[in-house]
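Here the structure comes first, spelled out in structure tokens, and everything after it is commentary.
The values are calculated or read from the model by the stated rules, or taken from the named source; none is laboratory data. Bear in mind the structure is a predicted one, so any value in this text is a computation, not a measurement. Glycine gets a Cβ as well: all are built from the backbone with ideal geometry, and neighbour counts include every protein chain shown. For accessibility, only protein heavy atoms count, side chains too; no ligands or nucleic acids. Shrake-Rupley method; radii C 1.70, N 1.55, O 1.52, S 1.80 Å.
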Amino acid sequence: MKFFIDTANLAQIKEAHDLGILDGVTTNPSLMAKEGIKGHEAIMQHYKAICEISDGPVSAEVFGTTFEEIVEEGKVLAAIHPNIVVKVPMIKDGIKAIKWFSDNGIQTNCTLVFSAGQAILAAKAGASFVSPFIGRIDDSSWDGVQLIEQIVNIYNSQGYMTEVLAASIRNPLHIVRCAEAGADVCTCPLSSILGLLKHPLTDLGLEQFLKDAKTMAH
């Protein structure tokens, strides 16, 4: 399973990259705004800066909701860098645009997916990635990881090449459960990735090792 970091913060992207586990980046207008990046030119430059740190795919989201708007914006985004993946919402015109991008060699990430039916349409249209939002599904009293499992099973049995990108991940347990469910990618904040490092027994064990090492040194 690949690890993407869900942020527009360059320092965090660099930290994940230096850790040696960064496979890509997902970002969106809200995450850009959080970093104070506003205005078309600033956003384009920021995507470029992200692509220079990350070797893998970088999802860049469109604002448009009509086929024409999505295609025009997507062409501009894809021209920034070969690693750019155009993030398109799961709407009727979005599916139509994903098909156009797919036919024209532009990678796509179909976002805001909440059902297996939507994931089937995205795969049929030729999306490179599909992003089910598991945290938001959990918030509405359904099991988001179950949806990942369902989509993975459908894609495997149908031979779809679209990668399942688990998004809206809230904690380290989500990451482990998505790996069990067969997700191709998980995207999450750096804090969730670093959360995988932590275990109280590791801390206790290390403390004991260091104590023992000190006594052996004398």
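Data for the structure
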| quantity | calculated |
| --- | --- |
| Residue ID - modelled with the lowest pLDDT, chosen from residues in the range 156-174 that are of a type in the set (A, V, I, L, M) and open to solvent by 60 Å² or more (accessible area, probe 1.4 Å) | LEU173 |
| Whichever residue in the range 135-146 is out of contact with any helix residue (DSSP H, G or I) (no Cβ under 6 Å at 6 or more places or on another chain) and either assigned to a helix (DSSP H, G or I) or under 13 Å from VAL113 (Cα atoms) (or both) and, among such residues, is least open to solvent (accessible area, probe 1.4 Å) | GLY135 |
| Candidate set: the range 52-65, residues that are surrounded by fewer than 22 Cβ atoms within 10 Å (Cβ to Cβ) and hydrophobic (A, V, I, L, M, F, W, C); chosen: the one farthest from GLY94 (Cα to Cα) | ILE53 |
| Test: residue in the range 107-130 that is more than 15 Å from the chain's Cα centre (by Cα), surrounded by 12 or more Cβ atoms within 10 Å (Cβ to Cβ) and polar (S, T, N, Q) | yes |
| Filter result for GLU68 (touching a residue at least 60 places away in the same chain (Cβ under 8 Å) and open to solvent by 80 Å² or more (accessible area, probe 1.4 Å)) | no |
| Hits in the range 19-46 - residues which are open to solvent by 30 Å² or more (accessible area, probe 1.4 Å), not in a helix (DSSP H, G or I) and not β-branched (Val, Ile, Thr) | GLY20, ASP23, ASN28, GLU35, GLY36, LYS38, GLY39 |
| Within the range 204-214, tally of residues that are open to solvent by less than 100 Å² (accessible area, probe 1.4 Å) and within 27 Å of ILE175 (Cβ to Cβ) | 2 |
| Every residue from the range 46-80 that is within 23 Å of LYS2 (Cα to Cα), among the hydroxyl-bearing types (Ser, Thr, Tyr) and modelled with pLDDT of 95 or more | TYR47, SER59 |
| Test result for ALA183, within 18 Å of ASP143 (Cα to Cα) and aliphatic (A, V, I, L, M) | yes |
| Residue that is open to solvent by less than 70 Å² (accessible area, probe 1.4 Å), of a type in the set (A, V, I, L, M, F, W, C), within 25 Å of PRO172 (Cβ to Cβ) and part of a helix (DSSP H, G or I), where the choices are ALA49, ALA16 | ALA16 |
| Checking GLN150 against (1) of a type outside the set (Val, Ile, Thr); (2) part of a loop (DSSP other than H, G, I, E, B); (3) without any contact (Cβ under 8 Å) to a residue 40 or more places away in the chain; (4) under 18 Å from SER115 (Cβ atoms), the condition it does not meet | (2) |
| Test for LYS99: is it in contact (Cβ under 8 Å) with a residue 12 or more places away in the chain and within 30 Å of GLU149 (Cβ to Cβ) | yes |
| Test: PRO82 is open to solvent by 40 Å² or more (accessible area, probe 1.4 Å) and in contact with a Leu (Cβ under 7 Å, 6 or more places away or on another chain) | no |
| Any hit, the range 180-193, residues being open to solvent by 20 Å² or more (accessible area, probe 1.4 Å), more than 26 Å from PRO57 (Cα to Cα) and assigned to a loop (DSSP other than H, G, I, E, B) | no |
| Residue satisfying condition, being among the acidic types (Asp, Glu) and in contact (Cβ under 8 Å) with a residue 12 or more places away in the chain, within set ASP184, ASP212 | ASP184 |
